[in-house]
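Take a look at the following structure, please.
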Amino acid sequence: MLRNGLIFLSDSRAAKKLVTGTPLRAMSKRFVPGETVEQLAGAMVDANGKGLAVTANYLGESEKSERNARAAADTYLEVLDRVVADGIRGNVSVKFTQLGQAISANFLADNLGRLLHRARAHELFIRFDMESSEYTQRTLDAFEQLWGEGWRDIGVVLQSYLMRTEGDVARMNELGACVRLCKGAYAEPASVAFQSREEVDAAYVRLMEMLLVDGNYPAIATHDERMIDATVRFAEKESISSDRFEFQMLYGVRRDLQAQLVDQGYNVRVYIPFGESWYPYLMRRLAERPANILFMTGSVLKESPLGRLWPRNGRLRKES
């Protein structure tokens, strides 16, 4: 019922007007800094000033209009240029479906090709985000095609809650591709995904270990202190230096933990979404997993004075 209600609200003009026309919009900027490249650039520069690297994502997916897909690519070109012009330590994360995967293979190749060539000219990296399990194989097929064509400054995202992911990690390690490992946020059936937190977490740890040992500068994307602690412990046990991987977190989420990891000498990157579609993005992310409401609320509380009452796990330290 809650999920259906959130999906309804994501398409509701009245609800959007309420959020955008009240102080609730200011609260949402905690997680989505703005709609324009200018606002994004400000957030990126600010993050760099805190010792954080960044990756920018222009909100949108499942685009079936050639005009809109080209406009999305144009926006990413502007972001890439801005990263260079402002000396920002960052890159971009894109979705194949936003750039026209559903339109045709030729259209996607042409539209995406503009980004790839601009990124290569600027010596910048592009990460391909993962969507629901419906798109997993198509995303990996498209990625491998690009890899086979000689593109190397690209990476992909894999999700620990999918049962297939161990094989996908092994394949990406074999290629030498850069992987971002996350737990996964979509509602998936038991036929393809682990359903319990314990299973998802156990898979995450197994996959993290595979990536740290055999991967190419993996990104460990999590706000879960237990997963971070497991990563730190394993890296220390295997004498894997902190410059061989990075932690990634969402913009505005657990800023205290981001700062703590930076202070301890770890590489940390924040994922910064922006664009006109910020409202349906937030609502649909919450709808995919209503528990995210508690997650985002908890993130705010943990940084407040009440955070001292919040249970914490793990040591989160790096031994010298």
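Quick check: is even one residue across the range 228-248 within 19 Å of Met44 (Cβ to Cβ), in contact with a Pro (Cβ under 9 Å, 6 or more places away or on another chain) and surrounded by 15 or more Cβ atoms within 10 Å (Cβ to Cβ)? Let's see the steps before the verdict.
At the first step, the residues of the range 228-248 found to be within 19 Å of Met44 (Cβ to Cβ) are 246-248.
Retained after the next criterion (residues that are in contact with a Pro (Cβ under 9 Å, 6 or more places away or on another chain)): 246.
Of the ones still in play, those that are also surrounded by 15 or more Cβ atoms within 10 Å (Cβ to Cβ) are 246.
Looking through the range 228-248, at least one residue is within 19 Å of Met44 (Cβ to Cβ), in contact with a Pro (Cβ under 9 Å, 6 or more places away or on another chain) and surrounded by 15 or more Cβ atoms within 10 Å (Cβ to Cβ).
Kindly provide the set of residues from the range 226-243 that are assigned to a helix (DSSP H, G or I) and not charged (D, E, K, R), ordered by number. Can you show your working first?
Quick first cut of the range 226-243, residues assigned to a helix (DSSP H, G or I) only: 226-237, 242-243.
Selection gives Met227, Ile228, Ala230, Thr231, Val232, Phe234, Ala235, Ser242.
Looking at the range 118-137, can you tell me whether even one residue there is in contact with a strand residue (DSSP E or B) (Cβ under 6 Å, 6 or more places away or on another chain) and among the aromatic types (Phe, Trp, Tyr)?
yes
While we're on this one: What's the number of the condition Pro218 fails, among (1) crowded, with 19+ Cβ neighbours inside 10 Å; (2) more than 20 Å from the chain's Cα centre (by Cα); (3) of a type outside the set (Phe, Trp, Tyr)?
(2)
Let me ask another. Any residue in the range 223-244 that is in contact with a Gly (Cβ under 8 Å, 6 or more places away or on another chain) and closer than 23 Å to Ala119 by Cα?
No, every residue in the range 223-244 fails to be in contact with a Gly (Cβ under 8 Å, 6 or more places away or on another chain) and closer than 23 Å to Ala119 by Cα.
State whether the residues of the range 105-123 include one that is assigned to a helix (DSSP H, G or I), over 30 Å from Ala47 (Cα atoms) and of a type in the set (S, T, N, Q).
Checked the range 105-123: at least one residue is assigned to a helix (DSSP H, G or I), over 30 Å from Ala47 (Cα atoms) and of a type in the set (S, T, N, Q).
Quick check, is Asn91 buried (at least 21 other Cβ atoms within 10 Å of the Cβ), touching a Pro at 6+ places or on another chain (Cβ under 6 Å) and within 30 Å of Gln260 (Cβ to Cβ)?
Details: buried (at least 21 other Cβ atoms within 10 Å of the Cβ): yes; touching a Pro at 6+ places or on another chain (Cβ under 6 Å): no; within 30 Å of Gln260 (Cβ to Cβ): yes.
Answer is no for this residue.
For the range 48-88, enumerate the residues that are within 20 Å of Asn111 (Cα to Cα), small (Gly, Ala, Ser), modelled with pLDDT of 95 or more and surrounded by fewer than 19 Cβ atoms within 10 Å (Cβ to Cβ).
Passing the criteria: Ser65, Ala71.
Which residues, counting only those in the range 177-209, are aromatic (Phe, Trp, Tyr), touching a Lys or Arg at 6+ places or on another chain (Cβ under 8 Å) and either more than 24 Å from Thr55 (Cα to Cα) or at pLDDT 95 or above (or both)? Can you show your working first?
To start, the set of residues in the range 177-209 that are aromatic (Phe, Trp, Tyr) comprises 186, 194, 204.
Still in the list and also touching a Lys or Arg at 6+ places or on another chain (Cβ under 8 Å): 186, 204.
Of everything in the range 177-209, just one residue is aromatic (Phe, Trp, Tyr), touching a Lys or Arg at 6+ places or on another chain (Cβ under 8 Å) and either more than 24 Å from Thr55 (Cα to Cα) or at pLDDT 95 or above (or both), namely Tyr204.
While we're looking at this one, here's another question. How about the range 95-104: which of its residues are β-branched (Val, Ile, Thr) and surrounded by 21 or more Cβ atoms within 10 Å (Cβ to Cβ)? Walk me through how you get there before you give the answer.
Looking only at the range 95-104, we keep the residues that are β-branched (Val, Ile, Thr), and these are 97, 103.
Answer for the range 95-104, where residues must be β-branched (Val, Ile, Thr) and surrounded by 21 or more Cβ atoms within 10 Å (Cβ to Cβ): just Thr97.
Are any of the residues in the range 212-225 in a strand (DSSP E or B), among the charged types (D, E, K, R) and within 25 Å of Lys29 (Cβ to Cβ)?
Step one: filter the range 212-225 for residues in a strand (DSSP E or B), giving 219-221.
Now drop any that are not among the charged types (D, E, K, R), which leaves none.
No: the range 212-225 contains no residue that is in a strand (DSSP E or B), among the charged types (D, E, K, R) and within 25 Å of Lys29 (Cβ to Cβ).
The values are calculated or read from the model by the stated rules, or taken from the named source; none is laboratory data. Only a predicted model underlies this, so the values are computations on that prediction, with no experimental measurement involved. Neighbour counts are summed over all protein chains in view; Cβ atoms, including those assigned to glycine, are modelled from backbone coordinates with ideal geometry.
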